[in-house]
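Q: Here's a structure for you.
The values are calculated or read from the model by the stated rules, or taken from the named source; none is laboratory data. The structure displayed is predicted, hence computed values, not measured ones. So basically every Cβ, Gly included, is an ideal-geometry build from the backbone, and we count neighbours across all protein chains shown. Areas reflect the complete protein model, heavy atoms only, side chains present, ligands, DNA and RNA absent. Shrake-Rupley method; radii C 1.70, N 1.55, O 1.52, S 1.80 Å.
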Amino acid sequence: MSVKREIKSVIFTIVASIISGLALHVFVYPADFVSLGLEAVVTMLQKLTGVNAGWFNLVLNIPLIIWAWFKLDKRYVFYTLLFTFLSSISLILLELWNFPQYSSENDIIISAIFAGVLIGTRTAIMFKVDASTGGIDIIACIVQKKLQYVNVERIISVICCGIIGVSYFVYKDFNCILLSIVLMFISEKVITFMMKDTREALEVKIVTKYPKEITEEFVSNLQHTATIINSKGAYTNAENSVILAVINRRQLPQFIKIVKKYPETFAYYSDVQGVYGKFRKQKDGPLVDTRTNKTTE
């Protein structure tokens, strides 16, 4: 296990916990609506009792974390516990320090938007650390481990919507439901955006009788290698090759130019959600030509 990786994970967890505390204290609590999952429950408990939500967050999460310790990966549980503790402490300290809160009756939607951005950001950070923000996420991971065919994400969404609906009976205002839905929508979009690989790429597939020539152009002109698979046409039974490769989005015009050089060549391309391994020469290292065992410049 890399020490450098764990130090980075601890730093990210600290940052995520601070972001979480700011999202709830600055935007959610003064606007009188709830966040998501277990945080929605502790928010309502704070509204009803006047006791800081940080204390409720600790009390309700500890049994779940103990349960997870015997069911899930220990590293996952450790960082989830660390986040839960730090985010709870941040809520307590922000209240003690009388940290400023955003409150506007005319632009109350802004509270939900910015809270959604911050909640989504902190959740994505914890996902990248390979942990969670606790609460319902812990239950989801345990259920997913036992019942891998169950759509846990959909179950979480239904539970969150149910809790949001219950919040009406605490706040007695439909605005609380609408603002929470906006927060949920924004946070999901932010999580999706942040979890997406930053390397914009296209997957290309080429059916051709000129695999050697095309792959040589890929290596020399596009600085990407490719995989060649032998194939046979379903209608003509003609022998062909299928070339599989991943290229930068900006290289699409060059790719089309290469393909047009070779007659009876069919190609198509599609977006890639993520890329792992050597892809960009500048960040992933130089491309190695396996024929000569030399790097391309």
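Q: Give the residue that is surrounded by the most Cβ atoms within 10 Å (Cβ to Cβ), with candidates limited to residues of region 130-143 that are of a type in the set (G, A, S) and within 13 Å of L38 (Cβ to Cβ). Step through it out loud before you land on a result.
A: Here is the first cut: in region 130-143, the ones of a type in the set (G, A, S) are 131-132, 134-135, 140.
Next, only the ones that are within 13 Å of L38 (Cβ to Cβ) stay: 132, 134-135, 140.
Working: S132: 22, G134: 28, G135: 24, A140: 18.
Selected residue: G134.
Q: Being closer than 26 Å to V42 by Cβ and modelled with pLDDT under 90 narrows it down to one of M195, M184, so name that one.
A: Exactly one residue qualifies, and that residue is M195.
Q: If you don't mind, there's one more thing I want to ask. For region 149-170, which residues satisfy the criterion of being closer than 20 Å to A23 by Cα and open to solvent by less than 40 Å² (accessible area, probe 1.4 Å)?
A: C160, I163, I164, S167
Q: Looking only at region 90-110, how many residues end up being part of a helix (DSSP H, G or I), within 13 Å of L24 (Cβ to Cβ) and of a type outside the set (G, A, S)?
A: Summing the residues that are part of a helix (DSSP H, G or I), within 13 Å of L24 (Cβ to Cβ) and of a type outside the set (G, A, S) in region 90-110 gives 5.
Q: Could you say which residue among I139, I113 is over 21 Å from M195 (Cα atoms), over 16 Å from the mean Cα position of the chain (by Cα) and part of a helix (DSSP H, G or I)?
A: Matching residue, one of I139, I113: I139.
Q: Is it true that some residue in region 62-76 is of a type in the set (S, T, Y) and within 22 Å of E153 (Cα to Cα)?
A: Yes, that holds for at least one residue.
Q: Only one of (1) over 30 Å from Y268 (Cβ atoms); (2) exposed (fewer than 15 other Cβ atoms within 10 Å of the Cβ); (3) touching a helix residue (DSSP H, G or I) at 6+ places or on another chain (Cβ under 9 Å) is not met by K146, so which one is it?
A: Result: K146 passes all but (3).
One line per residue, one yes/no per condition, for (1) among the hydrophobic types (A, V, I, L, M, F, W, C); (2) closer than 19 Å to N57 by Cβ; (3) at pLDDT below 85:
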site: L86; (1), (2), (3): yes, yes, no
site: I108; (1), (2), (3): yes, no, no
site: I119; (1), (2), (3): yes, yes, no
site: I125; (1), (2), (3): yes, yes, no
site: D130; (1), (2), (3): no, no, no
site: C161; (1), (2), (3): yes, no, no
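Q: Only one residue in Y235, Y262 is in contact with a strand residue (DSSP E or B) (Cβ under 8 Å, 6 or more places away or on another chain), modelled with pLDDT of 80 or more and among the aromatic types (F, W, Y), so which one is that?
A: Testing whether each residue is in contact with a strand residue (DSSP E or B) (Cβ under 8 Å, 6 or more places away or on another chain), modelled with pLDDT of 80 or more and among the aromatic types (F, W, Y) leaves just Y262.
Q: Hey, could you check region 14-48 for residues that are touching a Phe, Trp or Tyr at 6+ places or on another chain (Cβ under 6 Å), touching a residue at least 24 places away in the same chain (Cβ under 8 Å) and surrounded by fewer than 24 Cβ atoms within 10 Å (Cβ to Cβ) and say which is nearest to C160 (Cα to Cα)?
A: The selected residue is D32.
Q: Which residue, of S241, S220, is modelled with pLDDT of 90 or more and surrounded by 10 or more Cβ atoms within 10 Å (Cβ to Cβ)?
A: Answer to the selection: S241.
Q: Taking into account only those residues within region 202-251 that are in a loop (DSSP other than H, G, I, E, B) and among the aliphatic types (A, V, I, L, M), which is nearest to Q273 (Cα to Cα)?
A: Here the residue is A226.
Q: Could I ask something else about it? Can you pull out the residues in region 172-213 that are open to solvent by 90 Å² or more (accessible area, probe 1.4 Å) and more than 20 Å from the chain's Cα centre (by Cα)?
A: Matches in region 172-213: K172, F174, L178, K209, K212.
Q: Here's another thing I want to ask about it. Given the conditions (1) closer than 30 Å to V3 by Cα; (2) not in a loop (DSSP other than H, G, I, E, B), and given that A131 satisfies all but one, which numbered condition is not satisfied?
A: (2)
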